[in-house]
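Remarks on the structure that follows.
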Amino acid sequence: MKLGFLGATEGGRIGKWPIIILAGMVIAVVAFLTYINVAFPRVKCEYAKHLKSPDTASDCYACHLKATPKVAQDWYESKHGVMLVKCFVCHGQPDGKGSVPYAVNPDVNTTCRKCHDPSIKKMEKKYGLKLECNSCHPFHQNSIHHKAYVKPVAKRKI
Amino acid sequence: MAMKMSSVKMLVVLLIVLALVPVISMSMARTSTTNYCMSCHEMKSHKSELEKSSHAFDKDKKPIECAQCHLPNSFGLKYVAVKVYLGARDMMVHYLGDPNNLDRRKMQQIARRFILDDNCRACHQDLSKNAKGEKISEIGKLCHDAYLGINGSTKSRCVGCHFNVAHLPDFDRRYFFNAKFAKRLQEGEKKR
């Protein structure tokens with residue numbers, strides 16, 4: 001059996017060797033990446049399981065600075081960060097003992113209204129509140145820097 | 001006939017593999033030196049940060065090499081895996097990515113993932129003292145006791161608590177524990 005270009009046999013059909021070599025390479029790469037993920041787990045917050053075991057919740061910011069650095073930094077630069085409105089004020093606490101329910105996306109009526117009730121009422125009167133506050137006012141962003149207030153909803157005239 | 005052919009082939013393959021071993025080990029050793037790391041311009045800022053950090057020299061006044069922290073200390077499966085993974089990543093960013101605009105937050109996470117405790121413990125054997133042999137604070141001692149499993153336990157590795165020890169990006173300079181390092185870096189930047 002003579003092998004031609006790229007291992008094609010004389011009949012024009014591809015031989016078995018290129019397929020075996022290709023499959024071997026794919027298996028090697030998959031095995032390598034699996035090993036990397038098992039031997040070197042991603043750096044996670046020590047209490048990354050706090051959603052499942054709420055009693056292990058700790059200093060949110062200290063962990064999330066490492067686990068989710070972008071969100072942590074955005075909060076730090078935002079008005080909420082400058083005024084030290086800490087995570088639990090809006091997100092509640094994992095054990096459910098906070099003054100607001102524990103939520104990744106806080107509810108407008110239970111959280112925003114606690115402080116911003118007058119402004120929300122004013123907005124409702126003017127425009128009728130149709131969307132979540134966050135669709136125009138980013139919670140975790142400095143309005144001077146970054147891309148705050150460039151969301152299309154915020155620019156739309158009503 | 002068929003048997004003969006396959007045995008000849010096997011011999012050739014064996015010879016090629018044997019010839020590759022010194023070539024691969026040599027190239028691995030040569031690409032693990034600080035000089036090799038510095039041959040890419042995007043690594044220069046990391047070197048200048050290291051020179052201003054507390055990890056510039058070890059206790060014998062010998063400069064600390066990149067590989068001492070960033071690669072496993074002993075040769076083995078882990079060493080090869082980390083070397084291939086980080087090397088391939090660096091190459092990809094250098095040739096296909098944007099090396100002038102590195103996302104250092106992402107880099108910190110990747111670097112921490114591959115810095116093993118053994119690398120730290122090679123120099124920091126006694127955790128009740130710092131590298132100069134001075135006793136550490138009471139709180140520090142309690143934390144290290146928890147790490148060693150003497151008093152409490154923690155899943156955190158060395159890098160889980162100790163970050164910015166050798167490199168300090170702009171966004172981490174505001175922390176009080178980085179004040180000295182940040183000041184040294186600032187003075188160095190003024191001189192330039």
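The values are calculated or read from the model by the stated rules, or taken from the named source; none is laboratory data. Computed from a predicted structure; not experimentally measured. Positions of Cβ are backbone-derived with ideal geometry, glycine not excepted, and every protein chain shown enters the neighbour counts. Each accessible area value is taken on the protein alone, full model and side chains, heavy atoms only, with ligands, DNA and RNA left out. Shrake-Rupley method; radii C 1.70, N 1.55, O 1.52, S 1.80 Å.
Figures for the structure shown
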quantity: Criterion violated by A:Val89 - all others in (1) modelled with pLDDT of 85 or more; (2) away from chain B (no Cβ under 13 Å); (3) open to solvent by 90 Å² or more (accessible area, probe 1.4 Å) satisfied; calculated: (3)
quantity: Subset of region B:122-143 that is touching a residue at least 12 places away in the same chain (Cβ under 8 Å) and among the charged types (D, E, K, R) - its residue that is least open to solvent (accessible area, probe 1.4 Å); calculated: B:Lys141
quantity: Subset of region B:89-99 that is surrounded by 15 or more Cβ atoms within 10 Å (Cβ to Cβ) and part of a helix (DSSP H, G or I) - its residue that is nearest to the other protein chains (Cβ to nearest Cβ); calculated: B:Asp90
quantity: Filtered residue count, region A:92-122, keeping only those that are among the aliphatic types (A, V, I, L, M) and open to solvent by 80 Å² or more (accessible area, probe 1.4 Å); calculated: 1
quantity: Among (1) farther than 23 Å from B:Ser53 by Cα; (2) within 14 Å of another protein chain (Cβ to nearest Cβ); (3) not in a helix (DSSP H, G or I), the one test that B:Ile115 misses; calculated: (1)
quantity: Number of the condition not met by B:Phe176 [criteria: (1) within 22 Å of B:Ala111 (Cα to Cα); (2) within 14 Å of chain A (Cβ to nearest Cβ); (3) of a type outside the set (Gly, Ala, Ser)]; calculated: (1)
quantity: Subset tally (residues that are assigned to a helix (DSSP H, G or I), away from every other protein chain (no Cβ under 12 Å) and over 23 Å from the mean Cα position of the chain (by Cα)) for region B:144-173; calculated: 1
quantity: Residue check for A:Tyr149: at pLDDT below 85, hydroxyl-bearing (Ser, Thr, Tyr) and open to solvent by 50 Å² or more (accessible area, probe 1.4 Å); calculated: yes
quantity: Answer from B:Tyr79, B:Tyr85 - the residue that is without any contact (Cβ under 8 Å) to a residue 24 or more places away in the chain, within 14 Å of another protein chain (Cβ to nearest Cβ) and either closer than 16 Å to B:Asp117 by Cα or open to solvent by 30 Å² or more (accessible area, probe 1.4 Å) (or both); calculated: B:Tyr79
quantity: Matching residues in region B:37-76 - criterion: being open to solvent by 40 Å² or more (accessible area, probe 1.4 Å), of a type in the set (Asp, Glu) and either in a loop (DSSP other than H, G, I, E, B) or at positive phi (or both); calculated: B:Asp60, B:Glu65
quantity: Answer from B:Leu86, B:Leu102 - the residue that is in a helix (DSSP H, G or I) and of a type in the set (A, V, I, L, M, F, W, C); calculated: B:Leu86
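For (1) among the β-branched types (Val, Ile, Thr); (2) over 30 Å from B:Ser74 (Cα atoms), each residue gets a yes or a no:
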| site | (1), (2) |
| --- | --- |
| B:Val93 | yes, no |
| B:Ala111 | no, no |
| B:Leu116 | no, no |
| B:Asp126 | no, no |
| B:Ala131 | no, no |
| B:Thr154 | yes, no |
| B:Glu187 | no, yes |
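This table checks each residue for (1) free of Cβ contacts under 8 Å to residues at least 12 places away in the same chain; (2) within 14 Å of chain B (Cβ to nearest Cβ).
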site	(1), (2)
A:Trp75	no, yes
A:His80	no, no
A:Pro106	no, no
A:Arg113	yes, no
